[in-house]
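Heads up: the structure comes next, in structure tokens.
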Amino acid sequence: MTDAATDTEHILIIEDEANIASFARMYLEAEGFRVSVADRGDTGLAVARDEHPSLVVVDLMLPGIDGFEITRQLRSAGRTPIIMLTARDDPIDKVVGLEIGADDYITKPFNPRELVARIRAVLRRSDTGHGNGDAPDDTVITLGALQIALGGREVTVADTSVALTPKEFDLLVLLVENRGIVLTREQLLERVWGYTFLGDSRTIDVHIRQLRRKLGDACQIETVWGTGYKVVAPR
Ligand code: CA
């Protein structure tokens with residue numbers, strides 16, 4: 001690894017609205033990030049593949065290919081953290097964006113300080129930390145047929161591998177480590193996403209639904225009405 005790349009996080013912004021892109025670039029550079037901008041989906045995806053940025057901010061509607069397709073393709077290739085930009089008042093986009101593996105979304109128009117905060121939160125929680133020297137964690141949590149390898153971030157049910165998105169994995173680990181205890185949506189948001197969404201508990205609900213679908217009976221995630229969720233410890 002060479003000089004500047006060692007400690008400067010590289011953010012790729014894929015956004016065709018030039019004023020939004022340059023506005024975001026200006027703030028991020030002022031915060032010490034290295035920033036690239038692509039104004040088309042296809043060129044953005046190519047840059048993401050060639051340059052391995054620390055995080056990608058991708059607009060949904062783009063010339064070339066759209067933000068969903070970019071997210072899908074980056075997800076199938078690895079775990080590059082992705083923040084999706086969505087149009088105002090478009091909850092369907094947010095839900096779909098999270099389901100296909102974006103780490104977070106932000107609604108336009110956004111406050112640049114909020115963008116910076118979310119980028120930092122996603123980077124802090126992502127696993128791509130460039131050689132931070134931590135020893136690999138070989139802890140394996142076993143709960144009935146469910147096994148979670150923390151270091152390899154691998155989940156198996158009865159020895160069959162289950163593919164989870166990074167956020168689904170983090171959420172599952174938090175719930176399983178606190179099994180038998182109710183965690184509120186606010187606690188889950190704060191500890192998995194690193195900040196509190198302003199009242200947007202749908203994010204948690206979407207991820208819980210996905211976990212239930214993927215894990216089936218192997219992990220019982222109980223809804224505690226009006227409060228949050230807990231994992232039931234098997235007898
Ligand atoms: Ca656009």
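Would you mention how many residues in region 2-25 are at pLDDT below 95, of a type in the set (Val, Ile, Thr) and within 16 Å of the ligand (Cβ to nearest atom)?
Result for region 2-25: 1.
Within region 33-45, does at least one residue satisfy the condition of being farther than 24 Å from ARG153 by Cβ, modelled with pLDDT under 95 and within 12 Å of the ligand (Cβ to nearest atom)?
Within region 33-45, not a single residue is farther than 24 Å from ARG153 by Cβ, modelled with pLDDT under 95 and within 12 Å of the ligand (Cβ to nearest atom).
Please work out which residue is farthest from ALA77 (Cα to Cα), limiting yourself to region 90-109 and to residues that are at pLDDT 80 or above and more than 13 Å from the chain's Cα centre (by Cα). Break it down stepwise before answering.
Step one: list which residues in region 90-109 are at pLDDT 80 or above, which gives 102-109.
From what is left, the residues that are more than 13 Å from the chain's Cα centre (by Cα) are 107-109.
Details: THR107: 26, LYS108: 27, PRO109: 30 Å.
So, considering only residues that are at pLDDT 80 or above and more than 13 Å from the chain's Cα centre (by Cα), the one farthest from ALA77 (Cα to Cα) is PRO109.
Among the residues of region 6-21, write down those that are among the small types (Gly, Ala, Ser) and either open to solvent by 70 Å² or more (accessible area, probe 1.4 Å) or farther than 15 Å from GLY44 by Cα (or both). Spell out how you get there, then give the answer.
Initially, region 6-21 is screened for residues among the small types (Gly, Ala, Ser), giving 18, 21.
Result: ALA18, single match.
Check whether at least one residue in region 154-162 is within 26 Å of SER54 (Cβ to Cβ), under 21 Å from the mean Cα position of the chain (by Cα), modelled with pLDDT of 85 or more and surrounded by 12 or more Cβ atoms within 10 Å (Cβ to Cβ), and report yes or no. Give the derivation first.
Going through region 154-162, the residues within 26 Å of SER54 (Cβ to Cβ) turn out to be 154-155.
Narrowing the set further to residues that are under 21 Å from the mean Cα position of the chain (by Cα) leaves 154-155.
Now drop any that are not modelled with pLDDT of 85 or more, which leaves 154-155.
Of the ones still in play, those that are also surrounded by 12 or more Cβ atoms within 10 Å (Cβ to Cβ) are 154-155.
For region 154-162, residues within 26 Å of SER54 (Cβ to Cβ), under 21 Å from the mean Cα position of the chain (by Cα), modelled with pLDDT of 85 or more and surrounded by 12 or more Cβ atoms within 10 Å (Cβ to Cβ): present.
For region 51-76, how many residues meet the condition of being more than 16 Å from the ligand (Cβ to nearest atom) and within 19 Å of HIS10 (Cα to Cα)?
Going through region 51-76, the residues more than 16 Å from the ligand (Cβ to nearest atom) turn out to be 51-55, 72-76.
From what is left, the residues that are within 19 Å of HIS10 (Cα to Cα) are 51-55, 74-75.
Of the residues in region 51-76, 7 are more than 16 Å from the ligand (Cβ to nearest atom) and within 19 Å of HIS10 (Cα to Cα).
Would you confirm whether any residue within region 122-139 is modelled with pLDDT of 90 or more and in a helix (DSSP H, G or I)?
Within region 122-139, the subset modelled with pLDDT of 90 or more is none.
Scanning region 122-139, I find no residue that is modelled with pLDDT of 90 or more and in a helix (DSSP H, G or I), so the answer is no.
Give the residues of region 61-80 that are crowded, with 24+ Cβ neighbours inside 10 Å and in a loop (DSSP other than H, G, I, E, B), sorted by residue number.
Once the filter is applied, which keeps residues that are crowded, with 24+ Cβ neighbours inside 10 Å and in a loop (DSSP other than H, G, I, E, B), region 61-80 yields only LEU62.
Only residues in region 44-66 that are of a type in the set (S, T, N, Q) count as the first member; pair them with residues that are surrounded by 15 or more Cβ atoms within 10 Å (Cβ to Cβ) and outside any loop (DSSP other than H, G, I, E, B), Cβ under 8 angstrom, at least 6 apart or cross-chain, and list the lot.
Qualifying pairs under 8 Å: SER54/HIS10; SER54/ILE11; SER54/LEU123.
Could you tell me whether LEU28 is without any contact (Cβ under 8 Å) to a residue 40 or more places away in the chain, away from the ligand (no atom under 16 Å from the Cβ) and part of a helix (DSSP H, G or I)?
no
The values are calculated or read from the model by the stated rules, or taken from the named source; none is laboratory data. Keep in mind that this is a model prediction, so the values were computed, not measured. With ideal geometry, Cβ positions are generated from the backbone for all residues, glycine too; neighbour counts draw on all protein chains shown. Protein only, heavy atoms only, side chains kept; ligands, DNA and RNA dropped before computing areas. Shrake-Rupley method; radii C 1.70, N 1.55, O 1.52, S 1.80 Å.
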